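Visitor: Would you mind keeping the following structure in view while I ask a few things?
Nothing in this text is a laboratory measurement; each read-out follows from the coordinates by a stated rule. Everything numeric here is computed off the predicted structure, so don't read it as measured data. When we count neighbours, we look across all protein chains shown, and the Cβ atoms used for this are built from the backbone with ideal geometry, even at glycine.
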Amino acid sequence: MEQKREQWGSRWGFILATMGSAVGLGNIWRFSYAMGEGGGSAFLIIYIVSVLLLGFPVMLMEFSIGRRSQADAVEAFKKLAPGKPWFVAGGFGVLAAFLILSFYGVIGGWSLRYTLEYLTGGVSGDPSDFFGGFISSTFDPVFWQFIFMALTVAIVFIGVQKGIELTSKIMMPILSLLVIALAIYSMTLGGTVEALEFMFMPDWSAFADPTIYVTAMGQAFFTLSLGMGIMLTYSSYLDPSSKLPSSAAIIIVLDTAFAIISGLIIFPALFAFGLDPAEGAGLVFIVLPNIFEALGGIGHIVGLVFFILFSIAALSSAISLLEVSVAYFMRRLNMSRRPVTLMVGLAITLLGVLSSLSQGAMEITVLDQSFLDFVDGLTANVLLPASALLSVLFVTWSWKKEDILTHTDIKGTAWAESFIIVSKFIAPLAILVVLVMGLINWL
């Protein structure tokens, strides 16, 4: 029996839920260390240009596919192009969301563990030793991963309006206040001038490094949740009369603002304590706890607020990733939301155990990488750009020009022709470069 398709309760509910997906670990964790390793302002400039010239049109096209089809990420392509293989793009997106959530759940569990640690007084001993001991344990990180995934499953289990939308309306304002409050506090620590120079005064020689372009463009796709089937799935719950360009613009502007403000949390603190901004992926769990410890008593409070923020951001992204797989399997198995959510959530959690154990408890490697790093590399370097590339080609080369303009709601606008040119030629070429360079760097 075909399930009745759910819809958002309001346009702002859709925007906040979509923002919750975009404003996640990609902003607070991945953006900061990618910008640190990418030399600061040069990375930021390329990232912003990528978001505007590539992120916006790709998001708008994913929105148009979802709203037009009113279907999950795979079925959408089958409905709009029956008998043709374009559905592979949706398949890549569903697979990417499934795999990303498997290791997102691990990192979300780490964040919950640190939240409890700061709630009870802060990290004991050397932060590096604490983190290494924690992630190499067989039981502790898996236990916290299960707690985080249980929260994610519970929200999606309830449904689109009462679960995802209502939770997003609560979490996003809290997330906004915490980000702004922490940024203001961090800028009082003494490293603000150096941080602002690092973030906003470019070293022009850095633009000669091609890897920065690839990293920045890849980060733009990752942080906007493009190629994961999320934007397509979420927009499929929209009323067909909903307007897309303004929603996409609001999401992109606010997501970029969150990323920059997150940088204003981390970089002033790093410079205030004389630390290297290119600290890499261990920035959140090793470097920042060192800073919190150096702040004394107030550091425990700041650390607690930060990891609450980090946990909320992780959860807001996790529910969107889970919804992609749930929407697909509800239709594929012809079952209702609740049993599918439980089954898919459990499958993702069990797969995530391999990522958790690969961080030290057991030697689980693929292509000489830990299982977590392999899954991260596979999704970021292959599945996301491949899905995004096929989605863009599907809209720009299989739809008539009139259909593109109509279903993206840009018909009659002054920038309609520019949008067609960018979407049809520039965006696919740029995504192809990200895909090829990502593969080369990964393998």
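Visitor: Given the Cα-Cα distance of ILE364 and LEU346 and 0.36 nm per residue of separation, how much length would full extension add, in nm? Could the numbers behind the result be given before it?
Guide: Working: separation 18, 0.36 × 18 = 6.48 nm, distance 2.04 nm.
Value of the extension gain: 4.4 nm.
Visitor: By count of other Cβ within 10 Å, fewest leading, how are MET35, MET19 ordered?
Guide: Details: MET35 29, MET19 25.
Least crowded to most crowded, the residues run MET19, MET35.
Visitor: Among 334-341, 87-94, 284-291, how do they line up by average Cβ neighbours within 10 Å per residue, starting with the highest? Numbers along the way, then the final one.
Guide: Working: 334-341: 16.6, 87-94: 23.9, 284-291: 22.1.
So the order, starting with the most tightly packed, is 87-94, 284-291, 334-341.
Visitor: Return one quarter of the surface area of the convex hull spanned by the alpha-carbon atoms of region 31-90, equal to its mean projected area, in nm².
Guide: Numbers: hull surface 20.9 nm².
In nm², the orientation-averaged hull projection of region 31-90 is 5.2.
Visitor: Something else about it: Please identify which residues in region 248-288 have an amide N closer than 19 Å to a label point set 7 Å out from the Cα of SER124, following the Cα→Cβ vector.
Guide: 286
Visitor: Please report how far the C-alpha centroid of region 189-257 lies from that of region 370-394, rounded to the nearest whole angstrom.
Guide: The two parts, judged by their Cα centres, are 17 Å apart.
Visitor: Treating the beta-carbon of each Lys and Arg as +1 and of each Asp and Glu as -1, no other charges, what is the dipole magnitude of region 11-442 about its Cα centre, to the nearest 20 debye? Display every interim value, and only then the final one.
Guide: Numbers: 19 positive and 27 negative charges, 416 e Å.
The dipole magnitude comes to about 2000 debye.
Visitor: Using Cα-only point scatterers and the Debye equation, what is log10 of I(q)/I(0) for the chain at each q in 0.07, 0.08, 0.13 Å⁻¹, rounded to two decimals?
Guide: -0.32, -0.42, -1.16
Visitor: Working out 0.36 nm times the residue gap between ASN334 and ILE180, then minus their Cα-Cα distance, what length gain in nm do you get to one decimal?
Guide: Working: separation 154, 0.36 × 154 = 55.44 nm, distance 4.39 nm.
Taking 0.36 nm per residue and subtracting the Cα distance, the gain is 51.0 nm.
Visitor: May I ask for the equivalent-ellipsoid semi-axes of region 289-374, computed as the square root of five times each C-alpha gyration tensor eigenvalue and listed largest first in whole Å? Intermediate values should be presented prior to the final figure.
Guide: On the way: eigenvalues 222, 93, 16 Å².
In descending order, the three semi-axes are 33, 22, 9 Å.
Visitor: Would you mind checking the pairs LYS243/LYS400; LYS78/LYS401; LYS4/LYS411; LYS4/LYS162 and listing those with alpha carbons more than 22 angstrom apart?
Guide: Values: LYS243/LYS400 20 Å; LYS78/LYS401 20 Å; LYS4/LYS411 31 Å; LYS4/LYS162 16 Å.
In this structure, LYS4/LYS411 exceed 22 Å between Cα atoms.
Visitor: May I pose another question? Using a basic spin-label model with each label point 7 Å from the Cα along Cα→Cβ, how many nm lie between SER10 and VAL436?
Guide: According to this spin-label approximation, the distance is 4.8 nm.
Visitor: What does region 339-388 give for Rg and for Dmax, in Å, if only its C-alpha atoms count?
Guide: Spelled out, the Cα radius of gyration and Dmax of region 339-388 are 12.8, 37 Å.
Visitor: Using the number of other C-beta atoms within 10 angstrom as an exposure proxy, rank ILE301, ILE155 with the fewest first. Could the numbers behind the result be given before it?
Guide: Working: ILE301 14, ILE155 22.
Listing ILE301, ILE155 from fewest to most nearby Cβ atoms yields ILE301, ILE155.
Visitor: Going toward the positive end of the dipole of region 347-425, with +1 on Lys and Arg Cβ and -1 on Asp and Glu Cβ, which of GLN369, SER387, ALA414 do you reach last?
Guide: It is ALA414.
Visitor: Follow-up question, since we're still on this one. Pull out the extension gain between ILE426 and TRP397, defined as 0.36 nm times the separation in residues minus the alpha carbon to alpha carbon distance; nm, one decimal. Each step should come with its number before you reach the end.
Guide: Values: separation 29, 0.36 × 29 = 10.44 nm, distance 1.33 nm.
Additional length available on full extension: 9.1 nm.
Visitor: Same structure again: Going by how many other Cβ atoms sit within 10 Å of their own, how do TYR47, TYR185, TYR237 line up, fewest first? The partial results should precede the final answer.
Guide: Details: TYR47 27, TYR185 18, TYR237 24.
Ranked by crowding around the Cβ, least crowded first: TYR185, TYR237, TYR47.
Visitor: Would you work out the charge dipole size for region 300-443 about its Cα centre, treating the Cβ of every Lys and Arg as +1 and the Cβ of every Asp and Glu as -1, and quote it to the nearest 20 debye? Display every interim value, and only then the final one.
Guide: Details: 8 positive and 9 negative charges, 114 e Å.
Charge dipole of region 300-443: 540 debye, to the nearest 20.
Visitor: Percent of Cα-Cα pairs more than 22 Å apart in region 139-290, please. Could the numbers behind the result be given before it?
Guide: Details: 6738 of 11476 pairs.
The share of Cα pairs beyond 22 Å in region 139-290 comes to 59 percent.
Visitor: Could you work out the mean projected area of the convex hull around the alpha carbons of region 115-223, in square nanometres to one decimal?
Guide: Working: hull surface 44.8 nm².
The number I arrive at for region 115-223 is 11.2 nm².
Visitor: Further, regarding this structure: Whole-Å semi-axes of region 333-433's equivalent ellipsoid, largest first, each the root of 5 times a Cα gyration tensor eigenvalue? Numbers along the way, then the final one.
Guide: Working: eigenvalues 305, 89, 17 Å².
Value: 39, 21, 9 Å, ordered largest first.
Visitor: Another one. Could you order the peptides 173-180, 65-72, 225-232 from most to least packed, using the average number of other C-beta atoms within 10 Å per residue?
Guide: On the way: 173-180: 16.5, 65-72: 22.9, 225-232: 30.9.
Ranking the peptides 173-180, 65-72, 225-232 by packing returns 225-232, 65-72, 173-180.
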